[in-house]
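Please read the structure below before turning to the comments.
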Amino acid sequence: MKERIINLLAAFESENIGKSFPLDYCLPLYHSVSDEELSHIKHVIRYKTIKQFEDDLDYLSKNFQFVDWQEFKAFTSGNFKPKKKIALLTFDDGFREFYEVVAPVLERKGIYACNFVNPAFIDNKDMMFRCKASLLADAVEKNKTIDPEVYRMFSLDNHVEKGILQKKILSVNYQGRAVLDELAEKIEVDFKAYSKEHQPYLSSEEVKELTRKGFGISSHSWDHPKYGDLSLKEQMETTDKTFAYLKKNGFLYESFAFPFTDFEVKKDFFDELFKNEEIYCSFGCAGIKLDSVKRNFQRIPMEMGESGAQIMKKEIAYFRLKKLVNKNMIIRE
Ligand SMILES: [Zn+2]
């Protein structure tokens, strides 16, 4: 129902979103771009093809002025007057395609981007649990027979459709992630061998090279937990450890993007985070939305199975709707 109203309203949004966009900054968020089938993310992220990504960039360029990290900081502290509303391009998770596919496109177009990475996965030492879940869901789809024990582990009858089993696998959370390793044995997926063969993540050499080329490599926590599920102490441990890693290696340690979402993250975390005066701001991904924590900026997820133009129009329409009922700001207590 909500989706239908937003779609309807979006149809009335003007083409000139540079004008109608309700904030003076636009923060698009991507994870990967590829023309290939990436089994480790295809069930969890609707990544775009190179053509779709370039179309998004061209559309955004018409309406916004892309900025780099220094310009973004200057702008948000009132020291930079852009010609148009600004856009800062961001990527999360540090996937290899950022080096191989995205960076060449951005260099050609002269656009900066920052990638928020998890040091635990650099060099493919490990894989995020969501990627493991995607690989398992993929194997369930492709395998002819599945060990009945797999169904039992989720208390499912082994006559249910594969889709139901896939959904269960894809709903495993960070705290329950050990079950994915057990499942891998039974479904005959070898995460280590897959990592070695496909190298899903950036290598240390690549993140250094990206930094030399002028791109940002920043913090997305150590290994991608959902912050809303962690205690303040755990939140700070994973944040501080990543900050130290970035600083030691000469990466962009001034910012932090929440893994998954900042939903249910309370004010006490931000108070603690910004005690570190070297951290300039943090990023969520709730779409066009304001935040009672002024230094926490919300980004727009661009991998929703639609064109950048359609996503922007829907976001603008949705923001307008929420504004009517005073729901366009996240309040943290
Ligand atoms: Zn992430």
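Helical runs assigned H by DSSP (4 residues or longer) give the chain a calculated mean residue ellipticity at 222 nm of -12000 deg cm²/dmol, each run adding -39500 (n - 2.57) before division by the residue total. Rounded to the nearest angstrom and listed largest first, the equivalent-ellipsoid semi-axes of the chain from its Cα gyration tensor are 32, 24, 21.
When all C-alpha to C-alpha distances in the range 141-212 are sorted into bins of 5 Å, what percent of pairs does each bin hold, rounded to whole numbers? Per 5 Å bin, starting at zero, the Cα-Cα P(r) for the range 141-212 comes out as 3, 12, 20, 20, 15, 10, 7, 5, 4, 2, 0 percent. Report the FRET efficiency, 1/(1 + (r/R0)^6), for LYS144 and LEU321, where r is their Cβ-Cβ distance and R0 is 45 Å, rounded to 0.05. It comes to 0.40. Model label points for LYS192 and GLU264, set 7 angstrom from Cα along the Cα-to-Cβ axis, are 3.4 nm apart.
GNM remark for the chain: springs join alpha carbons under 10 Å apart, and the peak mean-square fluctuation among ARG320, ARG295, ARG212 falls on ARG212. Across CYS26, CYS285, the residue with the most accessible area heads the list, and the full order at a 1.4 Å probe is CYS285, CYS26. Seen from PHE260, the other residues with C-beta closer than 15 Å to its C-beta sum to a net charge of -4, counting Lys and Arg as +1 and Asp and Glu as -1. Along each principal axis, taking the top coordinate minus the bottom one, the Cα set of the range 1-121 gives 41, 39, 27 Å in descending order. Peptides 196-203, 254-261, ordered by how many other C-beta atoms sit within 10 Å of their residues on average, highest first, read 254-261, 196-203. For the range 205-230 and the range 56-124, what is the centre-to-centre distance using only Cα atoms, to the nearest Å? Result: 13 Å between the Cα centres. For the chain, averaging the sequence separation of C-alpha pairs within contact (under 8 Å, six or more residues apart) and dividing by the residue count gives a relative contact order of 22 percent.
Backbone N atoms of the range 99-116 closer than 16 Å to the 7 Å Cα→Cβ label point of GLU209 belong to residues 99-108. As a rough guide to protection, the peptides 11-18, 46-53 ranked by mean Cβ packing within 10 Å, highest first, stand as 46-53, 11-18.
Relative contact order for the range 129-196: what percent, with Cα pairs under 8 Å and sequence separation of 6 or more? 46 percent. Between the helical axis of 232-248 and the longest alpha-carbon principal axis of the chain there is an angle of about 70 degrees.
Would you mind putting 91-98, 182-189 in packing order, based on average other-beta-carbon counts within 10 Å, highest first?
Descending mean neighbour count gives 91-98, 182-189.
The values are calculated or read from the model by the stated rules, or taken from the named source; none is laboratory data. Bear in mind the structure is a predicted one, so any value in this text is a computation, not a measurement. Here the Cβ is made from the backbone with ideal geometry for all residues, glycine too, and neighbour counts use every protein chain on show. In case anyone asks, the SASA skips ligands and DNA or RNA and just uses the protein heavy atoms, side chains included. Shrake-Rupley method; radii C 1.70, N 1.55, O 1.52, S 1.80 Å.
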